[in-house]
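Worksheet: the structure to be examined is printed underneath.
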Amino acid sequence: MQSLHYLLMKSHACLSRRIFSRAQQELGLSPGQPKVLDFLLENEGSDQKTIAANCEIEQATLGSILLRMEEKGLIERRRQPGNRRSLFVYLTDSGKETARKMNDIFRMEDQIAASHLNEAQLAELLDLLESVCKGIHDKNNQEADNN
């Protein structure tokens, strides 16, 4: 039996390659942009720190991703009244349309990835992966508290 980390990395790599290939070919997106679009579709007006944390992207890397997205007209950054320090990120109309198209790609690729599973198996897999993520997240928080 192969190890958990190997199977998770292999599954992630295979699915990511398919998603990034389609995102680039069909929508002209570069790596990092699909998950930012996905996050902003449900969380418009988030600051850079929140986006980075939720998308598992380093803040410095996110800055360059957002700059390219801004140049393509997918997002705009705005200040909010009473907060002069932070910029908040919003999708443009073009960004919303691209995010919806990206969600269609995510949905299709999810179906392909889960094509050998029945509904019960898929539900169980999703629950198990949530538990794996929570365990890793809890351990990271514990280690950060100890430092």
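The values are calculated or read from the model by the stated rules, or taken from the named source; none is laboratory data. Quick caveat, the model's predicted, so the values are computed rather than measured. Methodologically, a virtual Cβ is constructed for each residue, glycine included, from the backbone with ideal geometry; neighbour enumeration extends over all protein chains shown. For accessibility, only protein heavy atoms count, side chains too; no ligands or nucleic acids. Shrake-Rupley method; radii C 1.70, N 1.55, O 1.52, S 1.80 Å.
Going residue by residue through region 52-66, is there one that turns out to be closer than 17 Å to ASP93 by Cα, within 16 Å of the chain's Cα centre (by Cα) and at pLDDT 95 or above? Steps first, answer last, please.
Going through region 52-66, the residues closer than 17 Å to ASP93 by Cα turn out to be 66.
Okay, now just the ones that are also within 16 Å of the chain's Cα centre (by Cα), so 66.
Keeping just the survivors that are at pLDDT 95 or above gives 66.
Yes: region 52-66 contains one or more residues that are closer than 17 Å to ASP93 by Cα, within 16 Å of the chain's Cα centre (by Cα) and at pLDDT 95 or above.
Sort out which residues of region 71-125 are β-branched (Val, Ile, Thr), within 25 Å of LEU7 (Cα to Cα) and either over 20 Å from the mean Cα position of the chain (by Cα) or surrounded by 14 or more Cβ atoms within 10 Å (Cβ to Cβ) (or both), and write them in order of number. Spell out how you get there, then give the answer.
From region 71-125, those β-branched (Val, Ile, Thr) are 75, 89, 92, 98, 105, 112; that's our starting set.
Going one step further and asking which of them are within 25 Å of LEU7 (Cα to Cα), we end up with 105, 112.
ILE105 - this is the single residue of region 71-125 that is β-branched (Val, Ile, Thr), within 25 Å of LEU7 (Cα to Cα) and either over 20 Å from the mean Cα position of the chain (by Cα) or surrounded by 14 or more Cβ atoms within 10 Å (Cβ to Cβ) (or both).
Looking across region 17-43 at every residue that is open to solvent by less than 20 Å² (accessible area, probe 1.4 Å) and not aliphatic (A, V, I, L, M), the one that is farthest from LYS96 (Cα to Cα) is identified as GLY32.
Taken together, the residues in region 75-95 that are modelled with pLDDT of 95 or more and under 13 Å from GLY45 (Cα atoms) amount to 6.
Do you know which of the residues in region 18-41 that are of a type in the set (Gly, Ala, Ser) and part of a helix (DSSP H, G or I) is farthest from ALA53 (Cα to Cα)?
The first filter runs over region 18-41 and keeps only residues of a type in the set (Gly, Ala, Ser), leaving 21, 23, 28, 30, 32.
From what is left, the residues that are part of a helix (DSSP H, G or I) are 21, 23.
Values: SER21: 24, ALA23: 22 Å.
Here the residue is SER21.
Here ARG68 fulfils each of the conditions (1) among the charged types (D, E, K, R); (2) over 21 Å from LEU15 (Cα atoms); (3) touching a Leu at 6+ places or on another chain (Cβ under 7 Å); (4) touching a residue at least 12 places away in the same chain (Cβ under 8 Å) apart from (3).
Among the helices (runs of 4 or more DSSP H) contained in region 49-147, which hold 3 or more residues that are over 18 Å from ASP38 (Cα atoms)?
Numbers: elements: 59-71, 93-113, 119-146.
Here the list reads 119-146.
Against the numbered list (1) closer than 14 Å to LYS96 by Cα; (2) surrounded by 12 or more Cβ atoms within 10 Å (Cβ to Cβ), SER46 comes up short only at (1).
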